[in-house]
Amino acid sequence: MKKFYKKIGLAALVTVVLLLLIIFLVPYNPKGYIREQIIKQSMLSAENRKPAIILVGGSNVAFGYDSKIICDSMNMDVVNFGLHAGFGLKYIIDDLSQYIKKGDVIIISPEYAHFFDKMAYGEKPLADIFYLTKGKLNNLNDEQLRCVVYNTPAYIRANIEQLITNLLFSNKNSIYQWDSFNEYGDIVAHWSKEHTGFSNPSSGRTKRSSANYDFINYFLFKLSDMESRGATIILYPPVIEETGYSNKQPDILFVDSIMAANGRKFICPPSDVVMPKNRFFDSEYHLNRGGAKENSLHIVEILKKYFLAN
Amino acid sequence: MLFNSLEFLIFLPLVFIGYWTLQKNLKVQNLFICLASYIFYGWWDYKFLFLIILTTFLSYISGILIDKYRQKGCVAKFVNVSNIIVNLLILCIFKYYNFFSQSLADALSAFGITVDWVTLDIILPVGISFYTFQALSYSIDVYRKEIPACKDPIAFFAFIAFFPQLVAGPIERAGNLLVQMQGKRSFEYSQAIDGCKQIAWGFFKKIVVADTAATIVDAVYSDIVYYNPTALFISAVFFSFQIYGDFSGYSDIAIGVAKLFGIRLIKNFDLPYFSRNIPEFWKRWHISLNKWFISYLYIPLGGSRKGLKRTFINTLTVFLASGLWHGANWTFVIWGLYHSILFIPNILIKSKNKIIPDATIRFKEIGGIIITFVLTTIGWIIFRSANIHEACAYIYKLFEFKNYALPNFNDVQLRTAAECIFGIIILIAIEWYNRNETETYRLAGRCSIARWIIYITLILWSFIFFKTNQTFIYFQF
């Protein structure tokens with residue numbers, strides 16, 4: 001039995017050592033998409049930053065706007081803080097809340113999935129940002145830590161794949177890189193490209209997912225907290241493609257109603273931001289240039305009405 | 001609890017240490033493994049522990065009563081039949097109630113009769129098909145006097161609940177597993193190391209091959225209209241390896257884990273994709289289930305002893321039952337029917353004219369191997385599809401030869417497909433190398449450094465490819 005324990009122990013030790021070596025020797029892609037988060041954080045943490053319109057969400061927000069239109073129309077600085085829904089809305093909101101200032105207008109467009117199951121606690125991108133910041137993430141709860149642990153293999157795998165891809169295809173440019181963004185934080189690298197097309201899950205309304213009430217309560221608390229610090233919070237439904245909207249009906253209706261019931265009604269009905277497939281680039285949430293422009297004009301119209309009323 | 005989870009990584013060493021610490025007292029050791037197994041099972045949903053305990057209790061009591069009233073043949077028969085009926089009823093309610101009631105409603109509506117059936121919101125308890133069959137086989141074997149009735153309740157409960165094979169097989173016979181539970185086990189170093197190797201190999205098949213293939217397969221099946229025939233073709237082949245890697249991987253892990261506890265489970269897969277014809281495929285695929293159906297359905301119906309017509313019917317019955325066992329959907333039934341049609345030529349050919357492949361698989365038999373693989377892959381399309389309509393659409397699209405081009409996968413999918421193909425090549429290469437071995441794969445000869453490198457590579461590869469929330473396909477059965 002001792003011989004067995006020794007052998008298994010040795011195998012485990014060798015495996016762990018090799019894994020740690022791989023984590024350190026094969027770091028996150030130098031051009032990786034997630035690196036943009038550091039830049040967005042620096043935009044918000046700048047010392048003499050003026051109050052700004054901050055667009056918050058996942059990649060739906062990164063792809064969703066032409067912030068120059070908003071900036072020019074509203075005469076306010078704009079920071080597109082959207083990057084990846086896979087961070088989980090809890091991380092996104094926690095990260096944002098440390099940078100807000102009095103006078104900021106925060107427009108939150110979360111993908112609906114965040115309010116169900118454990119999506120709010122992140123997926124692989126949370127592990128990416130965890131390792132990128134060398135573990136310096138504040139306020140991670142158990143679920144988020146579990147997410148980091150469980151996604152460590154995926155993090156390692158992605159780094160190895162990217163290393164091999166970079167070696168084999170050194171000239172290959174992807175829009176999902178850190179230099180795909182403009183000065184506002186919008187993704188613009190795809191603006192000159194044709195939409196790639198994407199598959200939609202087969203149509204038909206799906207059964208409603210399991211709501212995450214713990215997170216919903218936390219989210220509402222954080223919104224109130226940011227408001228108490230002088231920010232204006234606006235909940236704007238995420239722009240979504242027609243079939244996606246139809247498929248997600250039960251979830252969308254739930255989120256709409258629960259936010260309204262808690263005094264956080266979407267500033268316009270979710271159905272107002274449904275667009276046809278030709279407005280999207282490569283997924284049901286990622287707008288192309290035309291879609292981003294249309295969405296930006298729409299939000300400007302809404303903001304003007306909102307500020308007029310308030 | 002999943003094998004590929006953090007919880008299991010903690011659970012297994014603790015149970016292993018506790019099990020061998022209690023080695024001196026067999027009853028306590030069996031009680032320990034039984035309780036550990038219930039914790040393993042209850043991790044999904046503790047409410048269903050009641051069901052497995054009930055099934056176990058009924059079968060245990062049946063064995064005792066059959067033995068006690070053996071002289072009164074009709075009483076013993078009554079007990080046996082009652083046990084079968086009650087357990088199958090439990091299985092049918094949980095697994096097939098909604099399917100049959102909805103199917104009947106659909107059939108009636110075709111005649112213009114609308115009914116408002118009550119379909120129940122029933123959750124299928126994990127592993128119910130497996131442990132029910134295992135429990136039934138015990139009472140039937142006792143009735144047939146193939147094994148004595150077990151008078152040790154702890155050993156019996158441990159036999160049914162034994163966690164490595166509880167939720168997805170192999171479906172063990174009492175003559176193998178119960179006997180081992182009743183006997184003393186001793187720790188054997190070589191068996192334990194062999195078990196660890198088999199676990200590593202099982203994880204490779206599950207994580208690197210099956211889960212990687214699943215990414216492509218799930219995407220294609222979610223939107224068959226969008227993907228071109230090439231993508232569908234690749235996806236069909238991938239699913240063949242997904243289900244094989246998933247299920248045989250689970251079996252390897254189960255058998256390997258059992259070896260750590262000094263228990264030998266039966267082989268459940270014997271390189272089925274190297275089969276040279278369909279009958280051989282069914283001797284190599286899900287061996288424990290097929291043996292169960294042969295022993296408890298085919299032979300009692302008369303097998304092949306009552307003429308050609310009866311043999312057809314019996315064969316058809318077994319394949320349909322096997323299809324239905326897999327799930328409450330007509331696709332599984334049609335899949336069973338499909339295989340029965342492929343099997344029929346074997347019945348028609350007279351024994352003296354049958355070409356029975358010998359045990360040694362040769363490269364020159366590659367033609368038969370490929371044809372058998374293609375036929376089973378078509379069957380898997382039916383198996384995987386959500387409904388018959390989808391299966392037909394999928395197969396029909398495969399024959400749109402003029403639309404074959406490069407697969408319309410995105411960059412990520414292309415990369416995943418390449419990784420999967422690489423994993424499949426490694427799998428086939430290793431299995432081909434070991435095709436005529438009877439025991440666990442020898443991944444490296446006698447060179448211990450080579451063995452270490454290969455196994456550590458397998459473990460690292462499996463770790464790096466690990467994905468969250470990936471269950472095993474056969475858990476849904």
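The values are calculated or read from the model by the stated rules, or taken from the named source; none is laboratory data. Note that the structure is predicted; figures quoted are calculated from it, not measured. All Cβ positions, glycine included, derive from the backbone under ideal geometry; neighbour counts span all protein chains shown. Side chains are part of the model used for accessible areas, which takes the heavy atoms of the whole protein and leaves out ligands, DNA and RNA. Shrake-Rupley method; radii C 1.70, N 1.55, O 1.52, S 1.80 Å.
Once you've got the GNM for chain A with C-alpha springs shorter than 10 Å, pick whichever of A:GLY88, A:GLY135, A:GLY290 has the biggest mean-square fluctuation. Between A:GLY88, A:GLY135, A:GLY290, it is A:GLY135 that shows the largest mean-square fluctuation.
For A:ILE39 and A:LYS3 in one chain, what is 0.36 nm times their gap in residues minus the Cα-Cα distance, to one decimal in nm? Full-extension gain reported as 7.7 nm. As a rough guide to protection, the peptides A:28-35, A:90-97 ranked by mean Cβ packing within 10 Å, highest first, stand as A:90-97, A:28-35.
Chain B and chain A together bury an accessible surface of about 2700 square angstrom, both sides counted, with a 1.4 Å probe and no ligands or nucleic acids included.
Leaving ligands, DNA and RNA out of it, report the carbon-plus-sulfur percent of the accessible area of chain A at a 1.4 Å probe. Carbon and sulfur together cover 56 percent of it. Relative to the current alpha-carbon distance between A:SER174 and A:LYS134, full extension at 0.36 nm per residue lengthens the span by 11.9 nm. With an a/c value of 1.5 or above and a/b not larger than b/c for the gyration tensor axes a ≥ b ≥ c computed over the alpha-carbon atoms, region A:243-310 is described as oblate.
Each residue, B:ALA429 and A:SER271, gets one label point 7 Å from its Cα in the Cβ direction; the gap between the two is 5.8 nm. Value of Rg to Rh for chain B, rounded to two decimals, is 0.96; Kirkwood radius and Rg both from alpha-carbon coordinates. With an a/c value of 1.5 or above and a/b larger than b/c for the gyration tensor axes a ≥ b ≥ c computed over the alpha-carbon atoms, region B:118-184 is described as prolate. Put a dot 7 Å past the Cα of A:ILE164, heading toward its Cβ, do the same for B:ALA418, and the two dots end up 0.7 nm apart. The H on the amide N of A:ALA52, modeled in the peptide plane, is under 5 Å from the matching H of A:ASP104, A:VAL105, each at least 5 residues off or on a different chain.
Does region B:383-429 come out rounded, prolate or oblate, given a ≥ b ≥ c as the square roots of the eigenvalues of its C-alpha gyration tensor, rounded meaning a/c under 1.5 and, failing that, prolate meaning a/b above b/c? Show your work: numbers first, answer last.
Working: a/c = 2.13, a/b = 1.53, b/c = 1.39.
Here region B:383-429 falls in the prolate category.
Solvent exposure of B:LYS283, expressed as accessible area, is near 140 Å², computed with a probe of 1.4 Å over the protein chains only.
Here the scattering of chain A is modelled by Debye summation over its C-alpha atoms, one equal scatterer each and no solvent; at q = 0.09 Å⁻¹ the log10 of I(q)/I(0) is -0.48.
Assign unit charges at the C-beta atoms only (+1 for Lys and Arg, -1 for Asp and Glu), then state the dipole size of the protein assembly as shown relative to its Cα centre in Debye, rounded to the nearest 20. Each step should come with its number before you reach the end.
Working: 77 positive and 59 negative charges, 706 e Å.
Result for the protein assembly as shown is approximately 3380 debye, rounded to the nearest 20.
Diffusion coefficient of region A:1-139 by Stokes-Einstein, Kirkwood radius over Cα pairs, 10 °C, 1.306 mPa s: 92 µm²/s. In straight-distance terms, cross-link reach from B:LYS364 covers every one of the lysines whose alpha-carbon lies under 29 Å from its own, apart from those fewer than eight places away in the same chain; here that gives B:LYS205, B:LYS267, B:LYS283, B:LYS350, B:LYS352, B:LYS354.
Note on A:LYS305: lysines with a C-alpha under 17 Å away, same-chain residues under 8 apart excluded, are A:LYS265.
With a 1.4 Å probe on protein heavy atoms only, tell me which residues of region B:414-428 lose at least 30 Å² of accessible surface in the complex relative to the chain by itself. Residues of region B:414-428 that lose at least 30 Å² of accessible area once the other chains are added: B:ARG415, B:GLU419. Restricting the calculation to Cα atoms, every distinct pair contributes to the Kirkwood radius of region B:281-408, found to be 16.6 Å. Mean sequence separation of contacting Cα pairs (under 8 Å, at least six apart), scaled by the length of chain A, corresponds to a relative contact order of 24 percent.
Could you give the length gained by full extension between B:ILE370 and B:HIS389, i.e. 0.36 nm per residue of separation minus their alpha carbon distance, to one decimal place? Provide the component values of the computation, followed by the final result.
Values: separation 19, 0.36 × 19 = 6.84 nm, distance 2.69 nm.
Once the chain is fully extended between B:ILE370 and B:HIS389, it gains 4.2 nm.
With the gyration tensor restricted to C-alpha atoms of the protein assembly as shown, the semi-axes of the equivalent ellipsoid amount to 52, 30, 28 Å, longest first. A simple rule links phi to the HN-Hα coupling: the Karplus curve 6.51 cos²θ - 1.76 cosθ + 1.60 with θ = phi - 60°, which for region B:289-306 gives 6, 5, 5, 4, 5, 5, 5, 10, 10, 4, 5, x, 6, x, x, 10, 8, 10 Hz, with x for Gly and Pro.
Straight Cα distances below 15 angstrom link A:LYS118 to the aspartates and glutamates A:ASP142, A:GLU143, A:ASP214, A:ASP251, with same-chain residues fewer than 8 positions distant left out. Per residue, the protein assembly as shown exposes an accessible area of 45 Å² to a 1.4 Å probe, with every protein chain left in place.
If you sort B:ARG264, A:ARG279 by accessible surface, 1.4 Å probe, largest first, the order is B:ARG264, A:ARG279. Accessible surface of B:TRP452, taken over heavy atoms with a 1.4 Å probe and every protein chain present, rounds to 80 Å².
Each Lys and Arg contributes +1 and each Asp and Glu -1, all at the Cβ; summed about the Cα centre of chain B, the dipole is approximately 1960 debye. Only beta bridges with both residues in the protein assembly as shown are counted; by DSSP, about 25 percent of them are antiparallel. Counting heavy atoms of the protein chains alone, A:CYS147 has an accessible area of about 10 Å² for a 1.4 Å probe. What would the Debye equation give as log₁₀ I(q)/I(0) for region B:179-232 at q = 0.25 Å⁻¹, counting only Cα atoms as equal point scatterers? Summing over Cα pairs of region B:179-232 leads to -0.94.
Determine the order of B:CYS74, B:CYS447, B:CYS34 by accessible area, beginning with the largest, at a probe radius of 1.4 Å.
Values: B:CYS74 100, B:CYS447 70, B:CYS34 10 Å².
Heavy-atom accessible area, descending, gives B:CYS74, B:CYS447, B:CYS34.
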